[in-house]
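Please read the structure below before turning to the comments.
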Amino acid sequence: MDIKKILSGMGPYDQSKIEKARADKLKEQRGSGAKDVAAGGDKVSISDEAQLRTEAYSTATGAPDIRHDKVAEIKARIASGEYEINTRRIAENIVKEDLDFFS
């Protein structure tokens, strides 16, 4: 005789009752919205800066105005070793853009 078989289905700790209670609670949480679900567990918040970066990245990658001829030309110049990066000009442009932005 197996005692587990005799006691199965009896008492408040029956596995099927626990699983049903979990399923009911999950349905209730899903129905009442994500805020209630997060209240009982981990919470994730995304900063305004991260949201802005994500939006900028999505916009940049989805831009249809890529100049494929220019990209091909630069790739060819890099491959041949002819492409030189003018770091001074890049730095000047960055500073100029920052000054224009904050003015």
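Here are the numbers for this structure:
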quantity: Computed label-point distance, nm, for sites residue 87 and residue 49 using a 7 Å Cα→Cβ extension; calculated: 2.5 nm
quantity: Projected label distance in nm at residue 94 and residue 80, using a 7 Å step from Cα toward the beta-carbon; calculated: 2.9 nm
quantity: Cα gyration tensor shape of region 50-102, rounded if a/c is under 1.5, else prolate or oblate by comparing a/b with b/c; calculated: oblate
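Computed from the coordinates by the stated procedures, all read-outs in this text should not be read as laboratory data. This structure is a prediction, so every number in the text was calculated from the model and none was measured. Glycine gets a Cβ as well: all are built from the backbone with ideal geometry, and neighbour counts include every protein chain shown.
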